[in-house]
Amino acid sequence: MSRFSFHCLATDGAARRGRLTTPHGEVATPAFMPVGTQATVKAMYADQVRDLGSDVVLGNVYHLMLRPGAERVARLGGLHTFMQWPHTILTDSGGFQVMSLAKLRRMSEQGVEFQSHLDGARYMLSPERSVEIQNLLGSDIQMQLDECVALPADEPEVERAMQLSLRWAERSRAAFHDYGGFDAGRGLFGIVQGGDVARLRVESARTLSAMDFEGYSIGGLAVGEPQAVMLEMLEITNPELPETKPRYLMGVGTPDDIVESVARGVDMFDCVMPTRAGRHGLAFTRYGKVNFRNARHAEDPRPLDAESDCPAARDYSRAYLHHLVRTKETLGAMLITWNNLAYYQSLMRTLRAAIEAGTYADTVAGLKADWARGDIAPYQA
RNA sequence: GGAGGGGUGCCCGAGUGGCUAAAGGGGACGGGCUGUAAACCCGUUGGCUAUGCCUACGUUGGUUCGAAUCCAACCCCCUCCA
């Protein structure tokens, strides 16, 4: 079993090509990590997710503590065994639910009291309990409990949440040792907060850096602010983080967000975009987005992308995908999710190769030109 | 032949005198989705020479200041009885 480690293999400007090692394998960075909140990447087999080139998937403390319960997962052999994913797992601490379930929680210095969205039962999630749960699950890359604030927000509110997150970072760090995460060779990431306020971002990043985490997450972005603001925050934050540690931009994003963030030194991403949008009939391709609900696909016999390696894109007609989406058939969600994750992972391969080759800027320019060109011409029968 | 029930916008369906171009579904058309309370959510959906007018609740006629709503006749559909 290997311990958590990170090595930078190449750089191109601020962009970094790296390799992250965890007890469950290696992760090529920049990496996109599919979201598997409830111990499944929705509409996908674990083997498929792996075959597309995913080195990591996410799980979520909040959802898994409610069902099936962290202790139960531990009794069943841990999350890797439970969900048939023998590779690296990253877990979110529940910090995002502080924002997304704002109406169902109460904050205190001690932690967050959630009222379950399932049955109304009350659960106390402290920084210590979150780390305990992540270790019960057997997570390789763990997140401190933090408070994620939706933007726009007033500066005092952003600062309060950021300072609280720093205090929780210290408690999480201690708990990570107490619950055996460090000894097991796992990693714990501190989470930079500070909203859209440069001063707060810098203070958060510097304070966390001094705590010597295995990696650093950048949270509280893509939560309502324009992309330009997010990118500006990255430019301010990343130079304050240790060069020797991985940087994870939480919850981001669109293909464009990803290429721009990699250019600013981000190593890891996760986002529900490819999976959720896929279930909703929206495909991501090298020539932009394709909305399969639209009537124009109804009699188009062409595949989504004849040159793709993914069967979902290569072997099925657009007319069929349109039909499956229209009829809300499960297979439609499966195929488009499959295509989307295939596209995202191929994009990440492209970015990694470009950094190695030192051609990142040109490569991204080419990608953007293709996206801007849009979908292939309308079908003429 | 008799008794009862019913005909509403693309479809189903609510509405039983004015607040009704007509609830709610569905369908159709489009948009959104960023550490997943999301196989979900949100718009639009009669026409026009548009702060108004026209057409429209089976058909025709009537009552009324005003009718999808009340009355009459007729045409269809359903159930039961002969």
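Quick notes
- The calculated Kirkwood hydrodynamic radius for chain A is 21.2 Å, given to one decimal from all distinct C-alpha pairs.
- Charge tally in the Cβ shell below 11 Å around A:Arg186, where Lys, Arg are +1 and Asp, Glu are -1, A:Arg186 excluded: -2
- Computed over region A:177-293: relative contact order in percent, which uses C-alpha pairs under 8 Å that are six or more apart: 19
- Two-decimal log10 I(q)/I(0) for region A:98-224, as the Debye equation yields it once each C-alpha is a single scatterer, q = 0.14, 0.15, 0.19 Å⁻¹: -0.60, -0.69, -1.06
- With respect to chain A, whose longest principal axis is taken over its alpha-carbon atoms, helix A:227-237 is tilted by about 40°.
- Under 5 Å between amide hydrogens, built in the peptide plane, is the criterion, and for A:Gly94 it picks out A:Val61, A:Tyr62 among residues at least 5 positions away or on other chains.
- For region A:223-266 and region A:114-187, distance of Cα centres in Å: 21
- Region A:1-141 pair-distance distribution - Cα-Cα, 10 Å bins, rounded %: 12, 37, 32, 17, 3, 0
- Cα gyration tensor shape of region A:146-214, rounded if a/c is under 1.5, else prolate or oblate by comparing a/b with b/c: prolate
- For A:Leu304, the residues whose modelled amide H falls within less than 5 Å of its own, excluding neighbours fewer than 5 places apart on the same chain, are A:Tyr316, A:Arg318.
- Taking every alpha-carbon pair under 8 Å whose residues sit at least 6 apart, chain A reaches a relative contact order of 17 percent.
- Choice from A:His80, A:His323, A:His63 with maximal GNM fluctuation in chain A (Cα, 10 Å cutoff): A:His323
- Between region A:4-18 and region A:308-358, the C-alpha centres lie 27 angstrom from each other.
- Qualifying chymotrypsin sites (Phe, Trp or Tyr not before Pro) in region A:30-84, DSSP loop, other Cβ atoms within 10 Å at most 14: A:Tyr45
- Seen against the Cα atoms of chain A and their longest principal axis, helix A:330-357 is set at about 80 degrees.
- Rounded to 10°, Cα long-axis angle of helix A:360-373 versus longest principal axis of chain A: 50
- Of all accessible heavy-atom area on chain A, the percent that carbon and sulfur account for (1.4 Å): 51
- A:Phe292, A:Phe6, A:Phe182, reordered so the largest accessible area comes first (probe 1.4 Å): A:Phe182, A:Phe6, A:Phe292
- Hull volume per residue, based on the alpha-carbon atoms of region A:74-145 and their convex hull, is 99 Å³.
- Each 10 Å bin from 0 upward holds the following percent of the Cα-Cα pairs of region A:32-85: 26, 54, 20, 0.
- Only helices enter this figure: runs of n ≥ 4 DSSP H residues, each worth -39500 (n - 2.57), summed and divided by the residues of chain A, yield -12000 deg cm²/dmol at 222 nm to the nearest 500.
- Environment charge of A:His280, counting only residues whose C-beta is closer than 11 Å and scoring Lys/Arg +1, Asp/Glu -1: +4
- Calculated SAXS-style log₁₀ I(q)/I(0) at q = 0.09, 0.18, 0.20 Å⁻¹ - region A:228-373, Debye, Cα scatterers: -0.32, -1.02, -1.18
The values are calculated or read from the model by the stated rules, or taken from the named source; none is laboratory data. As the structure is a computational prediction, the values presented were derived from the model and not from experiment. No Cβ is skipped: glycine too gets one built from the backbone with ideal geometry, and neighbour counts run over all protein chains shown. Remember, those area values only see protein heavy atoms, side chains included, never the ligands or the DNA or RNA. Shrake-Rupley method; radii C 1.70, N 1.55, O 1.52, S 1.80 Å.
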